[in-house]
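Visitor: Have a look at this one.
All of the numbers you see were taken from the coordinates with simple rules; none came from a lab. Just so it is clear, the model here is predicted, and its values are computed rather than measured. Quick reminder, even Gly has a Cβ in these numbers, built from the backbone with ideal geometry, and neighbours come from all protein chains shown.
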Amino acid sequence: MNERLRSAMAAARLDVDAVAAAARVDTKTVQRWLAGRTVPYPRHRWAVAAALGQAESYLWPEPSGMDSYGARFRQLWSSSKDEAEALRKVQGSLGSTLPGQLVNMDHRATIDIQPDGSATIRQTYRSADVSHAPLMVVSRDLWFEYPQPTIRFRAHCDRSVPLQVELVRDFSNYKQLLCNFVKPLQPLEVVTFSYSYDARAMFLRDHFWDQRVVAPTKRLHVSITHHKGKWLTGCVVSEESQSGLMQDPDPDLVIHQSSEEVCSFD
């Protein structure tokens, strides 16, 4: 709970809607800041601090370094002449400290929602092992607003050996799975892998999608097709920081696709 932010809003007589307007974000985003679930991206911290007449360092005492993994990753990538050089730099600078020692050059979440709220979701990654040792397991978490009794998983990989998905924690609203590479990824090896899953009643009225970025990611694209669009109110994207907390991602990281069939969001 961010009591400093809550107190500053009360003193300034600004509610969640007003703070959201000042920062140009959705009200759900401000609610996550208040709950302490995420830390805003710097440009949002500056806007909120200005609106409340408070110092940024007072509202978020330790903002510096929160995005050290992501910021360093993007800086190394932008200073490299090609992908191979970028991966070598990331391995040398961050490889021994990254959670899972995996980076994503491209992450795509494709969500197809049927009128009854059932959905098929496919997560696709183009990733590389930037550790100095073979990598066999990638952990992923799934969280649902609506309890899911049964979820079916399917795994795909562009290598000649299969990718296996194992469900290791299975609760009604939260599930943790492991993507097992039967043949270990070698240092600096690039692989494209994906897993898809489907379940009934995943998206009901006033429910939203929560997409978490759990490794340094160069590009994220979330595409949501809803065949009864009014049921999905929005999409929340958050990025894991070096401390393990979740924060709002760099705006350049997220690409929002909109069309007549795709649910648009801020």
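Visitor: Could you please rank 182, 213, placing first whichever residue has the fewest other Cβ atoms within 10 Å of its Cβ?
Guide: Lowest count first: 182, 213.
Visitor: For the range 1-58, rounded, prolate or oblate, judged on the Cα gyration tensor with a ≥ b ≥ c (square roots of eigenvalues), a/c < 1.5 rounded, else prolate if a/b > b/c? List each step's numbers first, then the result.
Guide: Numbers: a/c = 1.12, a/b = 1.10, b/c = 1.02.
Taking the square roots of the gyration eigenvalues as a ≥ b ≥ c, the range 1-58 is rounded.
Visitor: If I model a spin label as a point 7 Å beyond the Cα along the Cα-Cβ vector, how far apart are those points for residue 72 and residue 84 in nm?
Guide: The two pseudo-label positions are separated by 2.5 nm.
Visitor: What GluC sites (Glu not before Pro) in the range 1-95 are in a loop by DSSP, with at most 11 other Cβ atoms within 10 Å of the Cβ? Please list the in-between numbers first.
Guide: Working: sites: 3, 56, 83, 85; in loops: none.
Hits after loop and neighbour filter: nothing returned.
Visitor: Using Stokes-Einstein with the Kirkwood hydrodynamic radius over Cα pairs, what translational diffusion coefficient do you get for the range 1-149 at 4 °C and a viscosity of 1.567 mPa s, in µm²/s rounded to a whole number?
Guide: On the way: Rh = 18.6 Å.
Here the translational diffusion coefficient equals 70 µm²/s.
Visitor: What trypsin sites (Lys or Arg not before Pro) in the range 126-196 are in a loop by DSSP, with at most 14 other Cβ atoms within 10 Å of the Cβ?
Guide: 159
Visitor: Once you list every other residue whose beta carbon is under 12 Å from the beta carbon of residue 114, what net charge do they have if Lys and Arg are +1 and Asp and Glu are -1?
Guide: Working: positive: 200, 228; negative: 112, 116, 198.
After counting each charged neighbour, the total is -1.
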